[in-house]
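Engineer: I have a structure here, written as structure tokens, and I will follow up with some questions on it.
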Amino acid sequence: MAEEAILGYLEKNVEISDSGRFADEFGLDHNEVVNVIKSLNGFRYVDAEDIKKEKWILTDEGETYTATGSPELQLFLAIPPEGIPKEELQKKLGPSIFKIGCAQAAKNKWVEMGKQLISRKVQHVEDKVKNSLLQIKDGKEVHDDDVKALKARKLIVSQTWKGYSVKKGPSYAPRRKKAATDLTRENLQRGDWRELEFKEYNFNAKGQPLEGGHLHPLLKVRQQLKNIFRQMGFEEMPTNNFVESSFWNFDALFQPQQHPARDAHDTFFLQAPASTRELPEDYVERVKQVHEIGGFGSKGYGYDWKREEANKNLLRTHTTAVSSRMLYLLAQKPFAPKKYFSIDRVFRNEAVDRTHLAEFHQIEGLICDRGLTLGDLIGVLYDFFSRLGMSKLRFKPAYNPYTEPSMEIFSYHEGFKKWVEVGNSGMFRPEMLLPMGLPDDVRVIAWGLSLERPTMILYGVDNIRDLFGHKVDLGLMKKNPICRLGINAS
């Protein structure tokens with residue numbers, strides 16, 4: 001309807017000077033007219049130019065006064081010839097109308113504000129406010145002073161009206177001819193392809209985005225780390241048990257029961273089931289002995305070890321709990337060297353901030369063989385981290401309950417221009433390994449690091465909550481390409 005009206009009008013006239021007036025004359029919706037003009041302009045049937053007009057419209061308060069009259073008029077009409085007490089007049093009009101009406105009526109010198117009574121000073125008044133509002137509503141011109149006064153009282157606001165002026169375009173026709181988008185077999189058979197007008201190809205247009213799955217950055221980096229471990233001959237450990245007993249998580253690792261990490265402030269303990277039912281009793285007894293009185297060259301911790309403390313169930317605080325299970329199973333068979341790794345979630349009762357979450361991923365690698373030394377550990381660490389692009393390493397002595405000696409691992413970060421901690425490492429203590437039943441000359445070297453920290457560095461994320469958790473922007477997965485490791489540490 002609007003398209004026919006526009007093209008038909010231009011067939012006999014040079015220009016549509018104002019799309020708003022045109023819509024009013026033909027009884028059309030202006031929004032529909034605007035949409036048609038944009039479409040015709042795109043296909044060059046018409047040439048359109050923007051028109052912008054500033055106009056005043058009434059606020060809700062202004063609309064109210066067009067029906068009831070201004071507050072000053074309402075106040076004037078509510079005053080009887082003999083006058084009226086302030087309290088009574090306020091009760092009659094309401095606090096808001098009374099307050100505005102008093103100020104404006106006194107300004108207009110319509111009333112006299114006595115100490116006891118409010119009385120009229122004139123007999124007849126004209127409600128210029130209502131009249132001006134009605135004129136603006138009808139689209140009529142109003143004096144500038146009146147506009148300023150209404151604007152100051154917030155009875156009107158400015159609104160920008162947008163429309164078009166329209167002339168014939170280079171492709172003008174009284175009727176739009178629909179351009180064909182495909183040449184069909186029927187067109188060829190009928191021979192009407194000769195008369196068809198085909199739509200031009202836009203070779204710069206982008207195609208529809210392909211919908212498909214997108215890997216999370218953590219999953220990408222995890223897979224690349226798995227590939228590195230497998231290239232080095234490691235076997236992945238089963239890590240599907242998020243719930244673990246305190247025995248495998250702490251006691252089997254020669255971690256004393258008074259250790260701060262075993263406090264509820266640091267660890268998530270389960271209410272149901274609160275304790276485990278199955279533990280290897282002979283091994284439990286050996287662990288108890290080494291905690292209380294020592295053995296294998298150790299004095300132990302010299303305290304009363306409690307079974308009920310070891311039975312407590314918790315969300316594992318590190319994947320080393322899985323390592324303790326795997327080493328125990330390895331000790332039950334004729335010994336064979338092993339290389340194990342794991343990458344999975346662990347849980348700690350941490351205060352959440354930009355670098356810490358209550359759950360995160362831990363990467364762990366260990367090698368179990370006869371006669372291993374600290375030199376072997378350092379050599380393996382250089383090999384492992386160089387495959388991540390971190391060739392500059394330093395080691396600092398550290399303490400862990402279940403490794404001795406222990407080392408923190410630092411790498412020089414080219415982007416930060418400083419040494420940053422990237423992991424922890426050590427050799428498992430005899431007090432941990434020998435109660436399992438492993439041969440005396442077997443040593444285990446191990447190291448661990450988080451998955452989130454290298455991923456944040458590689459993807460330029462400075463807040464861990466933007467990488468993992470319920471606040472993650474899903475667009476992060478679509479925008480980021482597959483990230484390749486092994487170039488540099490920046």
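The values are calculated or read from the model by the stated rules, or taken from the named source; none is laboratory data. This one's a predicted model, so the numbers in the text were calculated from it and none came from an experiment. Backbone-built Cβ (ideal geometry, glycine too); neighbour counts: all protein chains shown. Each accessible area value is taken on the protein alone, full model and side chains, heavy atoms only, with ligands, DNA and RNA left out. Shrake-Rupley method; radii C 1.70, N 1.55, O 1.52, S 1.80 Å.
Engineer: If you average the sequence gap of Cα pairs under 8 Å that are 6 or more apart and divide by the length of segment 1-142, what percent do you get for the contact order?
Structural biologist: The value is 20 percent.
Engineer: Give the ranking of SER323, SER158 by solvent-accessible surface, highest area first, calculated with a 1.4 Å probe.
Structural biologist: SER158, SER323
Engineer: Treat each spin label as a single point 7 Å out from the Cα along the C-beta direction, and report the LYS140 to LEU279 distance in nm.
Structural biologist: It works out to 9.5 nm between the two label points.
Engineer: Sorting TYR399, TYR164, TYR9 by accessible area (1.4 Å probe), largest first, what list results?
Structural biologist: So the residues, ranked largest to smallest area, are TYR399, TYR9, TYR164.
Engineer: Can you tell me how much longer the chain between PHE416 and GLU292 gets when fully stretched, taken as 0.36 nm per residue apart minus their C-alpha distance, in nm with one decimal?
Structural biologist: Residue separation times 0.36 nm, minus the Cα-Cα distance, leaves 40.0 nm.
Engineer: Taking every pair of alpha-carbon atoms in segment 1-47, what share in percent sits in each 10 Å bin, from 0 to the bin with the longest distance?
Structural biologist: Answer for segment 1-47: a P(r) of 28, 64, 8 percent.
Engineer: Here is a further query. Could you give me the radius of gyration and the Dmax of segment 272-420, taking only the C-alpha atoms into account and expressing both in angstrom?
Structural biologist: Reported Rg and Dmax, both Å: 18.5, 52.
Engineer: Can I ask one more? Radius of gyration and Dmax for segment 224-285's Cα atoms, expressed in Å?
Structural biologist: Considering segment 224-285 through its Cα atoms, Rg and Dmax are 15.6, 42 Å.
Engineer: Determine, from the Cβ-Cβ distance of GLU350 and ASN31 and an R0 of 35 Å, the FRET efficiency 1/(1 + (r/R0)^6), rounded to the nearest 0.05.
Structural biologist: For R0 = 35 Å, the calculated efficiency reads 0.05.
Engineer: Heavy atoms only, probe 1.4 angstrom, no DNA, RNA or ligands counted: give me PHE250, PHE269, PHE43 ranked by accessible area, highest first.
Structural biologist: The most accessible residue leads, giving PHE43, PHE269, PHE250.
Engineer: Taking all protein chains in place and a 1.4 Å probe, what share, in percent, of the accessible surface of the chain do carbon and sulfur account for?
Structural biologist: 50 percent
Engineer: Based on alpha-carbon positions alone, could you give the equivalent ellipsoid semi-axes of segment 106-215 from the gyration tensor, as √(5λ), descending, whole Å?
Structural biologist: Equivalent ellipsoid semi-axes, largest first: 69, 23, 12 Å.
Engineer: Okay, moving on. Which value, in Å to one decimal place, does the Kirkwood hydrodynamic radius take for segment 70-152 when every pair of different Cα atoms is included?
Structural biologist: Roughly 13.5 Å, rounded to one decimal.
Engineer: Determine the principal axes of the Cα atoms in the chain, then give the extent along each, sorted from largest to smallest and rounded to whole angstroms.
Structural biologist: Sorted largest first, the three principal extents are 113, 94, 46 Å.
Engineer: Next question. From the C-alpha gyration tensor of segment 39-78, pull out the three semi-axes of the equivalent ellipsoid (sqrt of 5λ each), sorted largest to smallest, in whole Å.
Structural biologist: Largest first, segment 39-78 gives 47, 9, 6 Å.
Engineer: Per-residue counts of other Cβ atoms within 10 Å, averaged by peptide: what ranking do you get for 289-296, 251-258, 203-210, 146-153, highest first?
Structural biologist: Peptide ranking by packing, descending: 251-258, 289-296, 146-153, 203-210.
Engineer: Holding the Cα-Cα limit at 18 Å, pick out from LYS130/LYS151; LYS38/LYS167; LYS130/LYS162; LYS55/LYS162; LYS140/LYS167; LYS52/LYS148 the pairs that are longer than that.
Structural biologist: LYS130/LYS162; LYS140/LYS167; LYS52/LYS148
Engineer: Right, here's the next one. Accessible area per residue, 1.4 Å probe, Å², for segment 1-152: what's the number?
Structural biologist: Solvent-accessible surface per residue comes out at 64 Å².
Engineer: Rounded to the nearest Å, what's the spacing between the alpha carbon centres of segment 433-465 and segment 314-337? Just the number, please.
Structural biologist: A separation of 14 Å, based on Cα centres.
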